[in-house]
Structure formats: structure tokens, C-alpha cells
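Below: the structure, in C-alpha cells.
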Amino acid sequence: MAQLNITLNHEEILQLMALDRNEAFKNLLKECLNLFMRAESEEQLGARPYERTSGRTDSRNGSYTRELKTRIGTIELTVPRHRNVPFKTLVFDNYTTSEAALVSTMAEMVVNGVSTRKVANVMETLCGTSFSKSSVSDACKELDVRVNEFKDRPLKDEFPFVTVDATYFKVRGKRVVPKALFIAYAVNSSGRREIIGFEAYPTENKDNWVDFMQKLKERGLKNVSMFTSDSHEGIKYAFGKVYPLVPWQRCQHHFLKNIVDSVPKNYRKGISSELTNMFNSETIEEARKKRDEIIRDYQDIAEKAMSCLDEGFEDAMTVMVLPQRLRKKLRTSNHIERLNKELKRRSKVIDIFPNQESLIRLMGAVLVEINEKKKLDRNRIIFSTEMEIMAKLKPVLQEIAKEQQAILVA
């Protein structure tokens, strides 16, 4: 182990005292660490400078400067360089470990909803050196490996029920523009929810939705029994293009809202109640009967709303094929809406993402965190016995998918 003695003469002590306290300690620390590295160098070479000895293992080859961030500020050190075997020092070994912990901490603070400005302020207090907002954002790049591994992982499990949706975030380019984050949220073979995919796109057009669904398929998504989403044309088109034999369940929550928004305000509460009763019907025949009654009662008052109900009814009732216990759990996309709200909450401190990569990085890290928590969730959406029932329902579900595709083509 390298050892050193530090001697300060009268003049050096006076010079240190003339400085402010932080500068004095910085100079003293700099001198100590430079001496320590010179002692390490002598130990590794087996000789002092210009010393000729049989124990010498290598020779000196000048030096270079390197900054070290410390609690009392940034200091510039003189690092020895060896000719054949690289010089090793505990000074920067320890610094690398501390720096890695610092970077990890900064990234986690941002992911957990602390603004980059506040992170910079906290780190300046802790470390005695300033960090710009951009340096905090750069630190978050350490998340890339973990996020990309999660985003691009092979889908080896089976996911019988998949819900997709998109939510928008502001991203800076030549100007600030909205970017759509596509998300796929599924039920896996153990009956628990799992985030199986996410990508950022400029818009929600048909081509982008096809690309998103195709990537899920290439990663291994198969044996899907039913997709759930709102009635976005791009989503419906992509389902039919990539998974033509999988039926679509139109989100009943969005469907109800689409209908009610076209009803005069005085009648909205009443029709909402009637539509909810229709959705809760025990059989599809009962639901159709209630639909017909609603259309008859409100046709004169809200013609547009009744047309919406009539045209969208069958797609919103695909779930009626499933066992009754599963219907309420799978008939809406509310669970992915809650996920989107959490992403929005976390992103408020960032407001505008500097680029699309940072959007994927930070919101992806949040999705990784949420997914880890879901693994510990004891609540199951579907049980093994119901999985067996779903296998028997496959021909019926495929027939519904074919009917839906025929209507889209027409």
C-alpha cells in the first residue's frame, strides 16, 4: 500500500490561509491526491523518479490531467502515465464507483417525478459542484440499456387478451410537436397484466399502427383471443392487417361516451343508466333487446346518437362470448387509461422532452417500474380453468373476427 508524508512550509500555510475555506481545502486535497498518485506510481514501478534499480518493472511516460468532482468542488489532478503497463489508482477507482451511484440516483430521481432543475440543485448541494439540466438528462441515458432490453424482449409467453392505446407528449425538434406513445398492455398466461410493448411515433396513422402491431408479432405475440381498444380507424385497420383472425372488442367506456356526447344534456343521465344496464346483460339476446328499446325511445330526440349505438353495438359486445366473470374485466380499456394517466403525472416535471429518445428512455423506465410491480400483484384477471374454456371458444371468436373484417372491407 502506497504511503506518503505531507509537509507544508510557513509560506504555503500563509497562502492557504489567505484563500477562502473552500479554496484552501481544495488546494490541500489536490496536493494530497497528487502526492498519493505519485506514491502509487513509485510502488507500481518499483523505483522513484530517475532511480536505477534492479527492482524497476516499467518506466514513466509523462502525465495527463483529469478532473475529479468532490464534496468541496471540482479539482484538476495530475495523473502519472506509464510506458508499458497502465497506471492504476484507487483515487479514480473509488470515484468511478461513486460517479456510477450518482448517475443512477439522478436518473431514478427524474423517473420518480423530480424535475431536472430540482435534481441539479440537490446534486449541487450533495456534491459541491453544479450540474446543468442537460447533464442530468445525459445521466438518464444510463437507463437506455435496461429500457431497450425490456422494450425489445422476446414475447415467449402467451397473451390471450391484449389492449392497445396511445397517449401524447410534447417533444422538442425544430419546434415543439406532440408525439404519440403507443402501448400494448396484455394479460399473460398466469392471468396477470403485463406491459408487452411501447413505441413512439409522430402520429396515429394506419401505417404506424401496422408497424407497431407487426413488431409485436415479430417479437412473438401469438395465440391472442381478443384485442380491446377505442374505435380509432388506424388501430382497427392494423388489427385486421396483422391479426385478421383475432376479434376486436370496442371499449364500452369510450363507446358509451361517444353515444352520450350526441344526446341533449337533459337526457344524458337517463340514457347513460340504460346503456349501462344493456352492457350488463347476461346474454347477447337480452342486450340486443335492450338496444332496440333504447333506439326506439330516443330516436326522435337523438338520431345521431342512436345511429352510433346501432352501428357500433356488435363490436362493443364481442366480450359477451366470454365467461361472465371475465366480461367486466375485459370490456373496456380503462386499465390502460390509468397507465397513461400515471405516465402523464410523471412527465409533468419534464413538460417538454428534448427529443424522441428521451421520451422512450424516461417513460420507458416508468413502464419498466410499473411492470415490475405488476409481477407482484396477487390479483389474477383469468385463471387456468378459464384458459381451457377460452381454447374451446377459439372457433367462435375467429368467426366474429371474420365478420368484423367483412364489414371493414365493405
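Each reported figure results from applying straightforward, stated rules to the coordinates on display, with no laboratory input. The structure displayed is predicted, hence computed values, not measured ones. Note: ideal-geometry Cβ built from the backbone for every residue, glycine included; neighbour counts use all protein chains shown.
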Suppose R0 equals 41 Å; then what is the FRET efficiency for I352 and E51 from their Cβ-Cβ distance, rounded to the nearest 0.05? 0.10
Expressed as a whole number of Å, what is the distance separating the alpha-carbon centroids of region 164-211 and region 46-86? 52 Å
Past 24 Å, Cα to Cα, is the threshold; run K206/K328; K236/K257; K151/K375; K289/K392; K236/K269 against it and keep the listed order. K206/K328; K289/K392; K236/K269
Among 352-362, 377-387, 56-66, what's the highest-first ranking by average C-beta atoms within 10 angstrom per residue? 352-362, 377-387, 56-66
Hey, which lysines would be in cross-link range of K348, C-alpha to C-alpha under 17 Å, not counting anything within fewer than 8 residues on its own chain? K118, K133, K170, K179
